[in-house]
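Engineer: There's a structure below that I have some questions on.
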Amino acid sequence: MARSEPGTSSLIDLIDALPDLGPTWGPPVTTETTLNGVPYAPYSKGDKLGRMADWSDNKDGRDGRGGRQQYNRNYRDQQVYGAGSASLFAAPVAEDESSFSVVSNVRDSAKTRFGRGAVFTRGGRGQRGARGDSRGGRQQFQRSGAGRGGYDGRGGYDNRGGARGGAGGQRGRRFGWKDYDKPQRNRDASINIKADWKLLEEIDYNRLAKLNLETDEGEDIESYGFLYQYDRSYDKQPVKTAERKLVVLDRAAYNVTTSSDPVIQELADKDEATIFATDSILSMLMCSTRSVYSWDIVIVRHGNKIYFDKRDNAALDMVTVNENAADAPLEASEGSKDGLNQPNALAEEATYINHNFSNQVVIENESQKVDMENENPFYNAAEETAPPASKAYKYRRFDLSTSAEDPMYLIVRTELDAVQKNAISGDDQFVTVHALNEFDNKAQGSGGALDWRTKLVSQRGAVVATEMKNNSCKLARWTVQSILAKADVMKLGFVSRANPKSNDKHVVLGVVGWKPRDFANQMNLQLSNGWGIVRTIADMCLKREEGKFILVKDPNKNILRLYEVPGNSFDDDAEEAHDVIEEEEEAEE
């Protein structure tokens, strides 16, 4: 037999074994739907992928609740070639499934919603969250004041509510109810911005809060005036039947601006410092981040020196009332019909109380009077009819330098109101005296204040805490003034109206004393931040040419604006004020 080439016969056998496909190309056409007993479904490239698995219990075209399935376009798009062959892959029923039920994937929350999105939890874990606890509890949403902190409704952030808000779970107080129904307050600025003023800087409170400058405790340069002894009998709680009335005492007191102070003029001529100010102006600038009402400070650059001045009858001379309260007193333009409890009337009343209270709580005994090195620089016995008030003026210098190559010093005129003997050592202690006033704890704008007549003795801490919240800016200014003057004790008097419907008669309910730095720690008051603000504003003016500037607090926003103004901008205001005073004097005569 003839031999063939290797592999030739096996290839021919393989070709003969192939089926006859005829003239077509590809696999043979079949109508069977099984392949070796395994069903398969026809497909096309236009088929869309549906769900990998559908766990919904859809029976007879109905949804899981027995209702008719709703038509949607996603269901329409699935009706393509091969979609009806899914029944071929249905698994055979091996056992009765009537005992099984489908678990709903709808989240069933136990929370209840009230109003406009507020969520209140019902005890349990919610109580921990209601306190704003950062250790794991869910924080409860509240409108203002009762969580760890919140928007205070005036453009600022209030972080004082965490200590007490929501402490009782769902029974926590809800401040600011229906705030969305109240119109936004539009207060007036302390001064009219004129068209020829040039805006130089806009500084928001967030930038101011980040400033920091450490300084020394200051040194005394000169002292003027005298001080009477403080009457310690006011520290004792008065008997309710014998409340002490606030007495009107006519004493000569002065609030001279910086550039008009003869002592500061003399110190400036000697180049003792670069920046000059009074404690009232400086405290307003250092505590500006706590202020709500509008105010302004006139800044004059003369040569290489900066003077922080105030205008006549300036807003920062007035003592505000409940400026920081969540629901501050309403003005007449805001719909208030109670003339006694409007902000301007309350400020005049508080200023009047502070002037008389500081004169009343001292013992005017010439033998116990403490004289300073120099006499009162503002009192002229030939022109004054009233005796001078107990007041000492200390001119103190602080170092605001940031480097040894660029020294910068500030001189401030500080004030002291009285002196007292130390109970242990017998040394003299300098005292500053201020007064908080209560107008009506049930009236609008009281800020949730307690009744002083019943709570001042039993709950003094709660009364003081409420005043720290409602009058944060005012108390911070008083504390800064006491620290600047290096006072040993700061006395706070609690003065209330004899009748809530009348603002001309008052009674003294008690006096409490603190060390100024301890009180600053309780208020979370950082003097380093205040010094940083002062140095920053001074640097802004020093990099400009000589001239006059004005720093204005926006009445409705937490922003300070620095303007450059013409040199004679406020001369007309002074002349108008002088003319008004003369007209009033002529009318009285």
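Engineer: Go through 284-290, 510-516, 367-373, 544-550 and give me the packing order, highest mean Cβ count within 10 Å leading.
Structural biologist: Numbers: 284-290: 23.6, 510-516: 18.4, 367-373: 12.4, 544-550: 15.7.
Taking the mean over residues of other Cβ atoms within 10 Å, the ranking is 284-290, 510-516, 544-550, 367-373.
Engineer: Alpha carbon centre of segment 539-557 versus segment 418-489: separation in Å?
Structural biologist: Each part reduced to its Cα centre gives a spacing of 32 Å.
Engineer: Continuing with the same structure: Of the listed peptides 189-197, 527-535, what is their order by residue-averaged count of other C-beta atoms within 10 Å, with the highest listed first?
Structural biologist: Working: 189-197: 12.9, 527-535: 20.0.
Listed from highest to lowest mean packing, they are 527-535, 189-197.
Engineer: I would also like to ask the following. So the label point goes 7 Å from the Cα of ARG207 along Cα→C-beta, right? Which residues of segment 245-288 then have their backbone N under 19 Å from it?
Structural biologist: 285-288
Engineer: Would you kindly derive the ³J(HN,Hα) couplings of segment 446-453 from the backbone phi angles with the Karplus curve 6.51 cos²θ - 1.76 cosθ + 1.60 (θ = phi - 60°), listing them in order in whole Hz, with x for Gly and Pro?
Structural biologist: Calculated HN-Hα couplings, in order: 6, x, x, 5, 7, 6, 5, 5 Hz.
Engineer: Amide H to amide H under 5 Å from ILE299: which residues, 5+ apart in sequence or cross-chain, H placed 1.01 Å off N in plane?
Structural biologist: ASP309, PHE549, ILE550, LEU551
Engineer: Another question about this same structure. Using Cα centres only, tell me the gap between segment 370-415 and segment 228-296 in whole Å.
Structural biologist: 11 Å
Engineer: Under a point spin-label approximation (7 Å from Cα along Cα-to-Cβ), what is the LYS337-SER294 distance to one decimal in nm?
Structural biologist: For LYS337 paired with SER294, the spin-label model returns 2.8 nm.
Engineer: Follow-up. With 31 Å as the limit, write out which pairs from LYS194/LYS391; LYS391/LYS505; LYS501/LYS553 have Cα-Cα distances beyond it, or answer none.
Structural biologist: Details: LYS194/LYS391 38 Å; LYS391/LYS505 25 Å; LYS501/LYS553 33 Å.
The pairs that break the limit, which is 31 Å between Cα atoms, are LYS194/LYS391; LYS501/LYS553.
Engineer: I've got another one for you. Can you tell me the FRET efficiency between LYS421 and ILE221 if r is taken as the Cβ-Cβ distance and R0 is 30 Å, rounded to the nearest 0.05? Working shown, then result.
Structural biologist: Numbers: r = 26 Å, r/R0 = 0.87.
Once the sixth-power term is evaluated, E becomes 0.70.
Engineer: A further question follows. Per 0.36 nm of contour for each residue apart, how much would the distance between ILE12 and TYR254 grow if the chain were fully extended, relative to their Cα-Cα spacing? Don't jump to the answer; show the numbers that get you there.
Structural biologist: Working: separation 242, 0.36 × 242 = 87.12 nm, distance 12.74 nm.
That works out to 74.4 nm of additional length.
Engineer: Could you work out how much longer the chain between LYS442 and ALA195 gets when fully extended? Use 0.36 nm per residue separation minus the Cα distance between them, nm to one decimal.
Structural biologist: 84.6 nm
Engineer: List the residues whose amide H sits under 5 Å from the amide H of ALA418, counting only those 5 or more places along or on another chain, with H placed 1.01 Å from N in the peptide plane.
Structural biologist: Result for ALA418 returns VAL431.
Engineer: Please go through the residue pairs LYS245/LYS394; LYS310/LYS337; LYS369/LYS491 and name each one whose alpha carbons sit more than 21 Å apart in this structure. Kindly include the intermediate steps, with their values, before the conclusion.
Structural biologist: Numbers: LYS245/LYS394 31 Å; LYS310/LYS337 32 Å; LYS369/LYS491 19 Å.
Over 21 Å apart, Cα to Cα: LYS245/LYS394; LYS310/LYS337.
Engineer: What does the highest-first list of 295-304, 433-442, 273-282 look like by mean Cβ count within 10 Å? Display every interim value, and only then the final one.
Structural biologist: Details: 295-304: 18.7, 433-442: 21.4, 273-282: 24.1.
For the peptides 295-304, 433-442, 273-282, the packing ranking is 273-282, 433-442, 295-304.
Engineer: Another question about this same structure. For GLU201, enumerate residues with amide H under 5 Å from its amide H, sequence gap 5+ or separate chain, H modeled in the peptide plane.
Structural biologist: LEU562
Values quoted throughout were computed directly from the atomic coordinates according to the rules given, and no laboratory measurement underlies them. Keep in mind it's a predicted model, so treat the numbers as computed, not measured. Please note: Cβ atoms are built from the backbone with ideal geometry, for glycine as well, and neighbour counts cover all protein chains shown.
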